[in-house]
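Asker: Let me begin by handing over the structure; questions about it come next.
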Amino acid sequence: MKYSFFRPFLALILALTFLLPGCPAVRAEEAPSGEDLSISEVQEESSAEESTAPETPAESEPAEVPEESIPEPEAPAAEEPAPLPEAPALGSASNKKAGIYLTWSSTENATSYQVLRKDAPDVDWSVIAETTSCSYTDTTVASGTDCRYTVCGLNADGAAGPYNETGLVISRVAEPVISTSICDTGTLVSWDPVPGAARYYVYRKLPSESWTRMATVKKGTSWTDTPVENGDAYLYTVKARRTVDGIYYNSSHSSGASSLYLAPPEGTTGSRTGFTSIKISWQKNPWATGYEVQYATDDAFSKDLQSVLIFDPDTLTTAIEGLTKGKIYSVRVRTRGSLQGAEVWSCWSPVLSVDTLLNPTVTGLSKSIVRKASSTIKDTILVKNAAAGKLKLQYYDAANKKWVTKTTYELTGGPKQKITIQYPGDWKKKINTKWRLYISKTSSSRAYTSPTVKITAQNVKTLSLASPSAVIVRGSDGKVLYNKNAYQAREMASTTKMMTALLTLENVKLTAKVTYTKEADNTGWGCLYPEVGSIFYCKDLLHALLIESSNDAATALAQHISGSVSKFAKKMTKRAAELGCKDTNYNNPHGLHGKTHHSTAYDLCLIQRACYAHKTYRSIIKKKKYTFSTVDGNYTHTAYTSDDLLYEDISGFKGGKTGWIEEAGCCFSGVFEYKGETYYFTVLGSEFSDPRWKDCRKLMSYIKKYA
């Protein structure tokens, strides 16, 4: 076929060869059978014939020359179709940020691949993409969609090979989009909901660490990382999980969000600096790049809201000017920070209430006053930052449970004002009264209420006492309620034994064995007088000491504790000073006359209060008698009380310690309880015993009437 175009030209050339003059024709039959003649041989033969052959008439027809035979070219054989590739081996299908990522193995004879998908079991496969790669990301599938994928190969002719009918099954789970913020309790990690997700996994790490799963969130789209410390910087990421037919499908990790936890400023304070200005201060946050202060006239920060930005992290105070006089302002502060060039803010500090009102103060006011009822009480005070108005001196009316104004003083409204107040005679009517100072609120000043002033009136009623010294002391606070020469030093006779009992209780066990010494036996005005060397239990000698005022028991206990009477007396004096006794000195443990052996009615009440704190002492002093024996049982003794008041069964009377020597007179230090309060009273120096007991009864009646 490909030579057919040249055939007319070849025929023309052959024709011209026979027709041109001088070119004799060659007859076909003259050619040797089976031999091919070249063009030169034909020409030589023709020349020889022309020289010998007769002339041929011109009109004779030329001899017919056979057309040269040109072989047809062979047609190429038909091409066979390219073989089909086999079904590619499917690799994996996984959720990636852009979509579902598929992989498969390359297969022979495949020049490219078709990706097929179907979204339900009862639908046909659809071609969604063609690629020369062995992977593909399907970006067209929506989150929450259940898909099935397969792949077939295409050969060079574009024919598609077979594919795996089962395919790869996967559910699309999109990557959560997350953000972080600071909340009151820590770092809040939030994310957009992912369609189809059943739960979320929250991960956290430092930049140099690997991810650690912190929480599983089944409901909601947020999680608070708490507790976190000020300055903690973390990266957070979230995975979404979808469950289909018991199979879990996870999204890829979210791209992550950085966070910097900033604590709100601590130690925030506010104060008024003028009628229209306040000052706000706070402590430095080492991670701060600055601070913001907001203030408003309501705690919701919606009225008259103003803000002050501070860009210097070392500036920890700001003055706010131009405020409305008399307004109360709500103030809060937060920390500003920076994370990867972005601005970060902490939560707000607790709200402060700061006002522009004057805040009156009073200094120099006595909070506790003890005076004889016959005296006058004045007190000088200094009032600051009070507007013009009234300063009221008020008395508490316990019967009606209200404060009653007794005296009013004028306030000038200056920055400070000195005032001398004088308490009216109401304080003299009872042993204990309560008073206070009060300033009413004005348009430019706060109200002021002073601490309560407690006035103790001594000798509200003048008592006719035979004893030259007498006192009543309230146990709860040590206040003197009645005073007759209470601080005058005098010999105190056997009331001395209270200190001997106190040191015994503080230094010796009640079960200790104490020897009755020769020195004890030689002590004047003794009570026991057993055999020298007899042994008693400490508890029994304490009973003899306090109930019948045994001098020999006092000596035995003193020697047992200190080794000698003189050493024990020094110990007694030192202990009295520790209790606050300012005029007490001991020469012996029993109270017999000594040149420098003395105390005061007030000091003896302090010692009595220390003794009464011991349960053993309280049980002994209220007993009328007590029987005991030596350790070996060879000697028995009964002690009878020297306290006549115990036989009268006076309500509230708890006993005490008697005393008498000629140099001291009749003495007594007792305990009286009334309306939940304990009172201690002492009388010293009465000439006779009966007037002493009469004085004690008067003091107990005084307590019931005036306390």
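Asker: Please compute the per residue accessible area over segment 314-396 with all protein chains in place, 1.4 Å probe, rounded to a whole number of Å². Write down the numbers at each step before the final one.
Answerer: On the way: 3970 Å² over 83 residues.
That works out to 48 Å² for each residue.
Asker: Assign one of three labels to segment 416-461, namely rounded, prolate or oblate, based on the Cα gyration tensor with a ≥ b ≥ c the square roots of its eigenvalues; rounded applies when a/c is under 1.5, prolate when it is not and a/b is larger than b/c, and oblate otherwise.
Answerer: Working: a/c = 3.66, a/b = 2.52, b/c = 1.45.
Because a/c hits 1.5 or more and a/b exceeds b/c, segment 416-461 counts as prolate.
Asker: Next question, about the same structure. Once ligands and nucleic acids are excluded and a 1.4 Å probe is used, how much of Ser564 is accessible, expressed in Å² to the nearest 10?
Answerer: 30
Asker: Could you tell me which GluC sites (Glu not before Pro) in segment 485-564 are loop residues by DSSP with no more than 13 other beta carbons within 10 angstrom of their beta carbon? Working shown, then result.
Answerer: Numbers: sites: Glu491, Glu506, Glu519, Glu531, Glu548; in loops: Glu491, Glu531, Glu548.
Passing sites in segment 485-564 are Glu531.
Asker: Of all chymotrypsin sites (Phe, Trp or Tyr not before Pro) in segment 502-552, which ones are in loop regions per DSSP and have a Cβ with at most 15 other Cβ atoms within 10 Å?
Answerer: Those satisfying the criteria are Trp525.
Asker: Put +1 on the Cβ of each Lys and Arg and -1 on the Cβ of each Asp and Glu in segment 249-328; which of Ile278, Gly290, Gln306 then has its Cα farthest toward the positive end of the dipole?
Answerer: The residue sitting farthest along the positive end of the dipole is Ile278.
Asker: How many Å² of accessible area per residue for segment 465-590, probe 1.4 Å?
Answerer: 38
Asker: For every other residue with a beta carbon closer than 12 angstrom to the beta carbon of Glu662, add +1 if it is Lys or Arg and -1 if Asp or Glu, then tell me the sum. Show your work: numbers first, answer last.
Answerer: Working: positive: none; negative: Glu491, Glu663, Glu687.
Every neighbour counted, the sum reads -3.
Asker: Using a cut-off of 25 Å between alpha-carbon atoms, which lysines can reach Lys325, once sequence neighbours fewer than 8 places away in the same chain are excluded?
Answerer: List returned: Lys279, Lys303, Lys384, Lys390, Lys416, Lys441.
Asker: While we're looking at this one, here's another question. Too long at a 20 Å Cα-Cα cut-off: which of Lys625/Lys698; Lys518/Lys595; Lys461/Lys582; Lys367/Lys406; Lys430/Lys704?
Answerer: Values: Lys625/Lys698 26 Å; Lys518/Lys595 24 Å; Lys461/Lys582 27 Å; Lys367/Lys406 18 Å; Lys430/Lys704 11 Å.
Check vs 20 Å cut-off fails for Lys625/Lys698; Lys518/Lys595; Lys461/Lys582.
Asker: Helix-only mean residue ellipticity at 222 nm, the chain, DSSP H runs n ≥ 4 weighted -39,500 (n - 2.57), per residue, nearest 500. What is it? Before the final figure, lay out each step's value.
Answerer: Details: 10 runs with 115 residues, N = 707.
Computed mean residue ellipticity for the chain: -5000 deg cm²/dmol.
Asker: Oh, and also: Using the Cα centre of segment 590-631 as origin and beta-carbon charges of +1 (Lys, Arg) and -1 (Asp, Glu), tell me which of Tyr617, His598, Phe628 is placed farthest towards the positive end of the dipole.
Answerer: Value computed over the given set: Phe628.
Asker: Kindly report, to the nearest 10 Å², the accessible surface of His614 as traced by a 1.4 Å probe over protein heavy atoms only.
Answerer: That residue has around 60 Å² of solvent-accessible surface.
Asker: Quick check: net charge around Val173, other residues with Cβ under 10 Å of its Cβ, Lys/Arg +1 and Asp/Glu -1? Write out the running numbers ahead of the final one.
Answerer: Values: positive: Arg172, Lys239, Arg241, Arg242; negative: Glu175.
Neighbourhood net charge equals +3.
Asker: Using a 1.4 Å probe over the heavy atoms of the protein chains, calculate the carbon and sulfur portion of the accessible area of the chain as a whole percent.
Answerer: Details: 18320 of 36970 Å².
Ligands and nucleic acids excluded, carbon and sulfur give 50 percent.
Asker: Something else about it: Between segment 644-707 and segment 472-533, what is the C-alpha centre distance in whole Å?
Answerer: Taking the Cα centre of each part, segment 644-707 and segment 472-533 sit 17 Å apart.
Asker: If you wrap the chain's Cα atoms in a convex hull and average its projection over all directions, what's the area in nm²?
Answerer: On the way: hull surface 309.8 nm².
It is 77.5 nm².
Asker: Now a separate question. In segment 235-283, which chymotrypsin sites (Phe, Trp or Tyr not before Pro) fall in coil by DSSP and have 13 or fewer other Cβ atoms within 10 Å? Numbers along the way, then the final one.
Answerer: Working: sites: Tyr236, Tyr248, Tyr249, Tyr261, Phe275, Trp282; in loops: Tyr261, Phe275, Trp282.
Loop-located and lightly packed - Phe275.
Asker: Given Cα pairs under 8 Å that are at least 6 residues apart, what percent is the relative contact order of the chain?
Answerer: Working: 1583 pairs, mean separation 48.3, N = 707.
In percent, rounded to a whole number, it is 7.
Asker: Choose one of Ala489, Val333, Ser252: the residue whose Cα lies farthest towards the positive end of the charge dipole of the chain (beta-carbon charges +1 Lys, Arg; -1 Asp, Glu; about the Cα centre).
Answerer: Positive-end residue among those listed: Ala489.
Asker: While we're here: With every protein chain kept in place and ligands, DNA and RNA left out, what is the accessible area per residue of segment 616-707? Probe 1.4 Å, answer in Å². Walk me through the numbers on the way to the answer.
Answerer: On the way: 4250 Å² over 92 residues.
Per-residue value: 46 Å².
The values are calculated or read from the model by the stated rules, or taken from the named source; none is laboratory data. A quick note: this is a predicted structure, and the numbers were derived from the prediction, not measured. As a convention, Cβ positions derive from the backbone with ideal geometry for all residues, glycine included, and neighbour counts pool all protein chains shown. Ligands, DNA and RNA are stripped out before the accessible areas are found, and what is left, the full protein with its side chains, is counted by its heavy atoms. Shrake-Rupley method; radii C 1.70, N 1.55, O 1.52, S 1.80 Å.
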